[in-house]
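This report refers to the structure that appears directly beneath it.
Where a number appears in this text, it was derived from the coordinates with a stated rule and is not lab data. A quick note: this is a predicted structure, and the numbers were derived from the prediction, not measured. When we count neighbours, we look across all protein chains shown, and the Cβ atoms used for this are built from the backbone with ideal geometry, even at glycine.
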Amino acid sequence: MTEGTDEAGVASAAVDGEPSDDVVVCSDVTKTYDGARTVVALEDVSLSLSSGSYTAVMGPSGSGKSTLLNLVGGLDTPTAGTVAVDGRDLATLSEAQRARHRGETVGFVFQTFNLMPRLTAAENVALPLVFLGRDRKERGTRAEELLADVGLADRADHLPAELSGGQRQRVAIARALVADPALLLADEPTGNVDTGTGDRIMAEFDTLHEAGNTVLLVTHERRIAERAERIVHVRDGRVREVESV
Amino acid sequence: MDASETLRLSVRSLRAHKLRATLTVLGVVIGIAAVVTFATFGASLEADVVSEIEGSSANEIYLVPAAEEEGGFPDAGQPVFTEYDLEQLRAVAGVERVVPRGIVQVTALTAGEETVARNRVTVTEASAFEAATFADGRAFRDGRQEAVLNCPAAALFAGNLSAGDRLTVTLQSGERENVTVAGVVDGTGGQLPFSAFSDRPRVFLPADPFSRTVVESPTVGVNQRVCPQVTVVADPSQTTAVQDRVEGYVTSERSDAARLRPAGYEIRARTNADLVDRIERVVERLTRFVTGIAVIALVVGAVGIANIMLVSVTERTREIGIMKAVGARNRDVMGLFLVEAVLLGALGALVGVPLGVAGGWVATRYAEIGLVLAPGWFAVAVVVGVGVGAVAGLYPAWRAARVDPIEALRYE
Ligand SMILES: Nc1ncnc2c1ncn2[C@@H]1O[C@H](COP(=O)(O)OP(=O)(O)OP(=O)(O)O)[C@@H](O)[C@H]1O
Ligand SMILES: [Mg+2]
């Protein structure tokens, strides 16, 4: 079932200044990379995510999905337009404030897990809290809680190399959630695991959504995208279609 | 991010590459060990010499010709002081005693059936023994065929020589002189107005008649005995003033010594305090030289640390990206790498200090002096180690902090 259609429609939703329960508001975001030749990764993208929503971004390889996620996560800054999270324009933040945004307001889950190889599962989960300056005791209990939530309580002291791909991704999910972020960002979280494990990870996201988390998920698999409430189709750096599931 | 967590993470990444860390700090270890070795040896040497000199009196002034150039060492083989000079010196205000001293080359000493090879004996005057303690007998009398031995010299002969024993001295010319042992002097302590290195055997003969070196005094125009060294014992309350007066005399053309001295030589009047000063300066110069070498080693060490830290930043680019993605600030990343470099430097110091002390100990054993530690230098070493690490780590840490998280996460 297909609803609101062109980018203009999406843009108006943001510009109208909908109820302020929008966690993320992207307005006319453009991102270009200047290299040997200038690459336009995103062009005039407008998108808002309301609190507690579950949105999937789909599109072919190179269409700008990861770029969008990185902008929302504060890992990168747009060339033009604004990205506001929790009402704050990320471009106005200082380096340290943006770091805090990454550690506190958003939680990242990557396709390649991105765990610290020399830290145990529990230490990896607790890492965002280290940078937020939380004390050791609090870090320990939080990490324990979250590992238990993803079913890895017995693997707390294992190094990433001693875990399976699915287990690693669950550790990464626990880490993304440890600081209780307003927004969960996942870039192909099932891309490096088999179908069965992928389903279990997606079930994890379903649970998180049901618990009230705002989720933005990048995938190129329709089967995965359909678990979301809304699918944003991206091609060549533009939003082509927003589909309600 | 708190300091203890920074330290913990840094220690962990160092422990992941133990061999690499060890090899990296080698430069720092060598530099610091070198400084500590020489600081320890210098302190020991100084303590040894100073304690030995302090055993003798502070009111003795040694006159000796020495090469003029800076730091030229005294040359006790240049006989320049005539009997006329000795008389003039005795007349200087504040002078209590004037004791000439010279060397006579000999080949052997014989007592009874026993002959001992010796190559020199000291010639002086009876006044030399004025303050001395005798283990046996008394001082020789000037102009007599008598001798005084110190205890180690008496012990050269089986059954120890004592007062009244006969001794035959074979001169280098082959001539033999028969003397009677007048006494055995207890040479420890400062009673003899000579440099106090007196734990070796010494045989003393009266300059009259045994000193055969004679020249015409330029002042009075008659042949006189000359000697190469003179000890002036001053009134203890005016040593410095006496030193000035005595020096004034021996360096002026009024003295025979100044006129007899070979070209390129000057006559010096030195007290023990001057000697201590001089040794301290030598030790200081040695330390400065070694510090120069150590600085080179430390620069090499710093370059090593900087190099390995840069390699480490490249290797861990992805980890830096991960840390930034989960909320690390630039200064957190910078801190991690800086602390790691500082730990390497500190490790170098911690290994270098004991190694340097061991080196100093070996050197003191070799030089047969007592070991004296120089703890001030240990603190300097640790500060330098930490400083080298910090300086070496600054640029790599800055590079690490600047890593773009997007690029880093893309990095394989
Ligand atoms: N740092 C960069 N420098 C230059 N070009 C870049 C850079 N990052 C991304 N791009 C380009 O931007 C475009 C969008 O990249 P992006 O990674 O967002 O694609 P994607 O949709 O995530 O693709 P995939 O499904 O393969 O992950 C691509 O054409 C890519 O080559
Ligand atoms: Mg991507």
(request) Work out from phi, with θ = phi - 60° and the Karplus expression 6.51 cos²θ - 1.76 cosθ + 1.60, the ³J(HN,Hα) of each residue of the stretch B:60-68, listed in order in whole Hz, and give x for Gly and Pro. (result) 9, 10, 9, 9, 7, x, 9, 4, 5
(request) Assuming R0 = 45 Å, can you tell me the calculated FRET efficiency for the pair residue A:226 and residue A:91, based on Cβ-Cβ distance, to the nearest 0.05? (result) 0.85
(message) Quick check on the stretch B:198-238: what are the equivalent-ellipsoid semi-axes from the Cα gyration tensor, as sqrt(5λ), descending, whole Å?
(response) 25, 20, 8
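Per residue, how big is the convex hull around the C-alpha atoms of the stretch A:171-245? Give it to me in cubic angstrom, could you? Don't skip to the end; give the middle numbers.
Details: hull volume 7.7 nm³, N = 75.
Taking the convex hull of the Cα positions in the stretch A:171-245, it is 103 Å³ per residue.
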(request) Please report, in Å, the Rg and the Dmax of the stretch B:60-270, where both are computed over Cα atoms only. (result) 17.3, 52
(message) Just to verify a number: FRET efficiency for residue B:407 and residue B:276, C-beta to C-beta distance, R0 = 60 Å, to 0.05?
(response) 0.40
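Can you quote the Å³ per residue value for the convex hull of the Cα atoms in the stretch B:1-43, rounded to an integer?
Working: hull volume 3.9 nm³, N = 43.
Dividing the Cα hull volume of the stretch B:1-43 by its residue count gives 91 Å³.
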(message) Beyond 41 Å, how much of the Cα-Cα pair distribution for the protein assembly as shown remains, as a whole percent?
(response) 55 percent
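What does the extension gain come out to for residue A:235 and residue A:159, with contour length at 0.36 nm per residue minus their alpha carbon separation?
So the extension gain works out to 23.5 nm.
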(request) Straight distance only, please: which aspartates and glutamates reach the Cα of residue B:324 with their own Cα at less than 13 Å, same-chain residues fewer than 8 apart left out? (result) A:76, A:95, A:104, B:332, B:404, B:407
(request) Obtain the nm distance between the two label points defined at residue B:289 and residue B:186 by a simple spin-label model: each point lies 7 Å from its Cα along the Cα-to-C-beta direction. (result) 4.1 nm
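When the helices in the protein assembly as shown are scored as -39500 (n - 2.57) per DSSP H run of 4 or longer and the sum is shared across all residues, what 222 nm value do you end up with, to the nearest 500 deg cm²/dmol? Display every interim value, and only then the final one.
Details: 20 runs with 290 residues, N = 657.
Per the formula, -14500 deg cm²/dmol.
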(request) Write down, largest first, the equivalent ellipsoid semi-axes of chain B in whole Å, where each equals the square root of 5 times an eigenvalue of the alpha-carbon gyration tensor. (result) 67, 23, 16
(request) May I ask you to compute the full-extension gain from residue B:3 to residue B:113, defined as 0.36 nm times their residue separation minus their alpha-carbon distance, rounded to one decimal in nm? (result) 31.4 nm
(request) Please provide three numbers in whole Å: the alpha-carbon extents of chain A along the principal axes, with the largest listed first. (result) 50, 43, 40
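Sort B:377, B:361 so that the residue with the fewest other Cβ atoms within 10 Å of its own Cβ comes first and the one with the most comes last.
Numbers: B:377 24, B:361 16.
In order of increasing Cβ crowding within 10 Å: B:361, B:377.
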(message) Taking the beta-carbon count within 10 Å as an exposure proxy, list B:179, A:29 from fewest neighbours to most.
(response) B:179, A:29
(request) Filter the trypsin sites (Lys or Arg not before Pro) in the stretch B:125-191 down to the DSSP loop ones having no more than 13 other Cβ atoms within 10 Å, then list what survives. (result) B:141
(request) For residue B:19 and residue B:263, compute 0.36 nm times the residue count separating them, minus their Cα-Cα distance, and round to one decimal in nm. (result) 81.6 nm
(request) List every residue whose amide H lies under 5 Å from the amide H of residue B:131, counting only residues 5 or more places away in sequence or on a different chain, with H placed 1.01 Å from N in the peptide plane. (result) none
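At a Förster distance of 56 Å, what's the computed FRET efficiency of residue B:178 paired with residue B:350, Cβ-Cβ distance as r, to 0.05? The partial results should precede the final answer.
Working: r = 67 Å, r/R0 = 1.19.
Plugging the Cβ-Cβ distance into 1/(1 + (r/R0)^6) gives 0.25.
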(message) Would you report the distance distribution of C-alpha pairs in the stretch A:81-187 as whole percents per 5 angstrom bin, up to the bin with the largest distance?
(response) 2, 13, 23, 23, 18, 10, 6, 3, 1, 0
(request) Compute the distance in nm between two label points, each set 7 Å from the Cα along the Cα-to-Cβ direction, one at residue B:87 and one at residue A:138. (result) 9.9 nm
(message) Show log10 I(q)/I(0) for the stretch A:104-245 at q = 0.11, 0.13, 0.15 Å⁻¹, two decimals, from a solvent-free Debye sum over equal Cα scatterers.
(response) -0.40, -0.55, -0.72
